[in-house]
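**Q** Just dropping this structure here.
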Amino acid sequence: MSVEYTTKLHAGADFPVIEAKLLNGDVKKISTSENGLDWKMVVVYRGQHCPLCTRYLNQLESAKNLLAQTGVDLIAVSGDSKEQLESHMERLDVSFPIAYGLTTEQMEELGLYISDPRSPEETDHQFAEPGLFVVNSEGKVHVADISNNPFIRPELQSLISGLGWIRNPDNNYPIRGMHK
């Protein structure tokens, strides 16, 4: 088996224009901020087959208001089908948008690790491992976190606290990790 590596989405780069569907039929550009907020957090999760994703999405709901107070809007997205997301919603207690149908090409464009299902019982398609991106008001990747497994994800309280510090103009904090 050969090992091929992902292409990173670099800090400070333009976040790609990626559209995904919501259950109500709306198509969203996943990086576009709404609700009067000017930054966007894009959370890519593995899919309804992942109990850790279910837990993390439910934790995000409790963090949504703190994110908004920091000026950060929120969306989650996976490669699941509409039917899989509908089934997953029975285990989710969230009010933020969740999109479905992320393609393998879009996962690659985001520099995510992509996995094959272990069995048909797990899921019926390739899926992205967890990724979290914070897109600033200029459409640039300000924060990027990707993992190759479901066990590593940003701790939300630390992340929100850090975003508040970054967004405070008195701190004059640049996008980090831009040295080539």
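**Q** Nearest 5 is fine: what % of DSSP beta bridges in the chain come out antiparallel, could you say?
**A** On the way: 18 of 26 bridges.
The antiparallel fraction comes to roughly 70 percent.
**Q** Rolling a 1.4 Å sphere over the protein heavy atoms, what is the accessible area per residue of the chain, to the nearest Å²? Intermediate values should be presented prior to the final figure.
**A** Working: 9810 Å² over 180 residues.
With all protein chains present, the chain gives 55 Å² per residue.
**Q** How big is the chain in terms of Cα radius of gyration and Dmax, in angstroms?
**A** That works out to 15.8, 52 Å for Rg and Dmax.
**Q** Oh, and also: For the chain, what does the relative contact order come out to in percent, with C-alpha contacts under 8 Å and a separation of six or more? Write down the numbers at each step before the final one.
**A** Values: 335 pairs, mean separation 49.2, N = 180.
Dividing the mean separation by the residue count of the chain yields 27 percent.
**Q** How far is helix 156-167 tilted off the main Cα axis of the chain, in degrees rounded to 10, range 0 to 90?
**A** For 156-167 against the chain, the angle is about 40 degrees.
**Q** Of the accessible area of the chain, with the probe set at 1.4 angstrom, what percent is carbon plus sulfur? Mind showing how you got there, number by number?
**A** On the way: 4680 of 9810 Å².
Accessible surface attributable to carbon and sulfur in the chain totals 48 percent.
**Q** At a probe size of 1.4 Å, how large is the accessible area of residue 83, to the nearest 10 Å²?
**A** Roll a 1.4 Å probe over it and residue 83 shows about 120 Å².
**Q** Here is a further query. How many lysine pairs are close in the chain, with Cα atoms under 27 Å apart and the two 8 or more places apart or on different chains?
**A** 27
**Q** Rounded to the nearest 0.05, what FRET efficiency do residue 171 and residue 66 have when you use their Cβ-Cβ distance and R0 = 22 Å?
**A** Working from the Cβ atoms, E equals 0.75.
**Q** Which FRET efficiency value, to the nearest 0.05, is calculated for residue 152 and residue 35 with the Förster distance at 35 angstrom and r the Cβ-Cβ distance? Mind showing how you got there, number by number?
**A** Values: r = 29 Å, r/R0 = 0.82.
So the FRET efficiency works out to roughly 0.75.
**Q** Which value, in Å² rounded to 10, gives the accessible area of residue 55 with a 1.4 Å probe and all protein chains present?
**A** Accessible area of residue 55: about 140 Å².
**Q** Taking the Cα atoms only, what angle lies between the long axis of helix 51-69 and the longest principal axis of the chain, rounded to 10 degrees?
**A** 20
**Q** Roughly how many Å is it from the Cα centre of the stretch 17-42 to that of the stretch 75-95, as a whole number?
**A** Going from one Cα centre to the other spans 15 Å.
The values are calculated or read from the model by the stated rules, or taken from the named source; none is laboratory data. This is a predicted model, so every value here is computed, not measured. Here the Cβ is made from the backbone with ideal geometry for all residues, glycine too, and neighbour counts use every protein chain on show. With ligands, DNA and RNA removed, areas are computed over all heavy atoms of the protein, side chains included. Shrake-Rupley method; radii C 1.70, N 1.55, O 1.52, S 1.80 Å.
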